[in-house]
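Before any comments, here is the structure.
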Amino acid sequence: MINVEIFKTNIQQKSEADDVYKRLSGFMPDAKINFDLDDCDKILRIEDLMIDLVSVVSIVEDLGFICKPIPDKICTKSINSAEGMSEFWENSFVAHNTMWGFEPANSAIITKDFFLEQGIKDVLVPGIGYGRNARPFVENQMNVTGIEISGTAIQLAREKYGFDMELFEGSVTEMPFNNTLYEGIFCYGLLYLLNPEQRIKLITDCYKQLKPGGWMVFSVLSKNSANFGKGKVVGKDTFEVVKGAEIFFYDTRSVVMEFGKFGLQEFFEIDEQNDPVTKKPSFKFIVIKCTKPFNA
């Protein structure tokens with residue numbers, strides 16, 4: 001499923017378009033990028049499996065030009081539907097393979113340190129992808145079980161980690177995949193891509209698979225993130241930031257509302273990832289820690 005996004009710019013010269021093309025192609029090497037400078041809107045057109053609207057605008061504006069998405073030029077299947085989610089991620093991993101590299105997110109490193117402090121040995125990772133955020137747990141001799149909707153991502157994880165991890169292919173919306181209770185559960189991102197009913201189901205399903213005394217940690221996008229409010233508004237605190245993906249942004253109220261009944265202990269904000277242009281942190285995430293009482 002190829003997404004198409006069209007932007008209005010004020011680029012006038014071919015040499016200017018060449019400079020923009022060079023920067024954009026460095027950020028998204030598999031994308032088709034072209035310009036129509038004869039159009040009154042000085043069109044920039046991008047085709048790719050995933051198009052980060054905020055980053056595209058940031059890159060072009062960093063070069064001194066106007067760049068505004070022209071909405072509703074193309075309709076795509078929402079990632080928030082079961083069919084759309086499967087197709088979106090499978091196509092993404094087929095095209096981009098290990099698109100985020102193998103360095104784990106800050107959230108994964110923080111959670112690894114916390115799990116070590118708690119003596120946790122068995123970890124469930126919903127939405128494991130190709131395993132980059134499972135790496136800190138594997139490297140510290142924790143037993144990891146993952147759930148992943150993309151068969152290609154699972155194959156990539158096998159190539160990197162062998163068969164040390166048990167991996168279930170399927171959507172997290174279909175949990176549970178086994179009857180095992182885990183000492184620790186770690187879920188990076190993912191949750192904010194689901195609709196309200198799916199989010200509550202995932203949190204509930206994770207809590208059910210948590211051992212008494214165990215901990216589950218979720219890492220989600222914060223409303224203080226630079227990409228909050230960008231893109232098309234599709235619901236309360238929910239925006240289509242990346243084409244085809246509706247993202248829900250959390251704040252204190254929504255964290256307490258969704259996690260308050262599931263042993264919420266603490267939550268705090270951290271920086272995640274670096275912008276390819278500014279080299280500064282691109283996103284603000286909230287790390288959420290919950291525990292299940294021993295008498296639960």
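The values are calculated or read from the model by the stated rules, or taken from the named source; none is laboratory data. Note that this is a predicted model, so its numbers are computed, not measured. Ideal geometry is used to build each Cβ from the backbone, glycine not excepted, and the neighbour counts take in all protein chains shown.
Couple of notes before you dig in:
- Taking the criterion of being under 17 Å from residue 187 (Cβ atoms) and touching a Leu at 6+ places or on another chain (Cβ under 7 Å), the residues of segment 138-153 that qualify are 145, 146, 148.
- Qualifying residue in segment 10-17 (condition: touching a residue at least 60 places away in the same chain (Cβ under 8 Å) and crowded, with 20+ Cβ neighbours inside 10 Å): no
- Residue among 162, 213, 231 that alone is on the phi > 0 side of the Ramachandran plot and either of a type in the set (A, V, I, L, M) or free of Cβ contacts under 8 Å to residues at least 24 places away in the same chain (or both): 162
- If you go through segment 159-185 and keep only what is more than 15 Å from residue 134 (Cα to Cα) and part of a helix (DSSP H, G or I), you end up with 172, 173, 174.
- Flag if residue 190 is on the phi > 0 side of the Ramachandran plot and either hydrophobic (A, V, I, L, M, F, W, C) or out of contact with any strand residue (DSSP E or B) (no Cβ under 8 Å at 6 or more places or on another chain) (or both): yes
- Candidate set from segment 1-28 (those that are part of a helix (DSSP H, G or I) and basic (Lys, Arg)); member that is nearest to residue 247 (Cα to Cα): 23
Residue by residue, here is whether (1) assigned by TED's automatic domain parsing to the domain that holds residue 164; (2) assigned to a strand (DSSP E or B); (3) over 30 Å from residue 25 (Cβ atoms); (4) under 18 Å from the mean Cα position of the chain (by Cα) holds:
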residue: 101; (1), (2), (3), (4): no, no, no, yes
residue: 110; (1), (2), (3), (4): yes, no, yes, yes
residue: 113; (1), (2), (3), (4): yes, no, yes, no
residue: 125; (1), (2), (3), (4): yes, yes, yes, yes
residue: 131; (1), (2), (3), (4): yes, no, no, yes
residue: 141; (1), (2), (3), (4): yes, no, yes, no
residue: 145; (1), (2), (3), (4): yes, yes, yes, no
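- Criterion violated by residue 198 - all others in (1) under 21 Å from residue 291 (Cα atoms); (2) touching a residue at least 24 places away in the same chain (Cβ under 8 Å); (3) surrounded by 19 or more Cβ atoms within 10 Å (Cβ to Cβ) satisfied: (3)
- The lone criterion from (1) over 18 Å from the mean Cα position of the chain (by Cα); (2) among the aliphatic types (A, V, I, L, M); (3) at pLDDT below 90 left unmet by residue 264 is number (3).
- Tally of residues being touching a strand residue (DSSP E or B) at 6+ places or on another chain (Cβ under 9 Å), farther than 17 Å from residue 107 by Cβ and in a strand (DSSP E or B) across segment 221-247: 10
- Verdict on residue 170 being in contact with a strand residue (DSSP E or B) (Cβ under 7 Å, 6 or more places away or on another chain) and surrounded by 19 or more Cβ atoms within 10 Å (Cβ to Cβ): no
Matching residues to (1) out of contact with any helix residue (DSSP H, G or I) (no Cβ under 8 Å at 6 or more places or on another chain); (2) within 23 Å of residue 112 (Cβ to Cβ); (3) in the same structural domain as residue 282 (by TED's automatic domain parsing):
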{"site": "182", "(1), (2), (3)": "yes, yes, yes"}
{"site": "188", "(1), (2), (3)": "no, yes, yes"}
{"site": "198", "(1), (2), (3)": "no, no, yes"}
{"site": "202", "(1), (2), (3)": "no, yes, yes"}
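- Within segment 171-195, tally of residues that are among the small types (Gly, Ala, Ser) and either modelled with pLDDT of 95 or more or more than 10 Å from the chain's Cα centre (by Cα) (or both): 2
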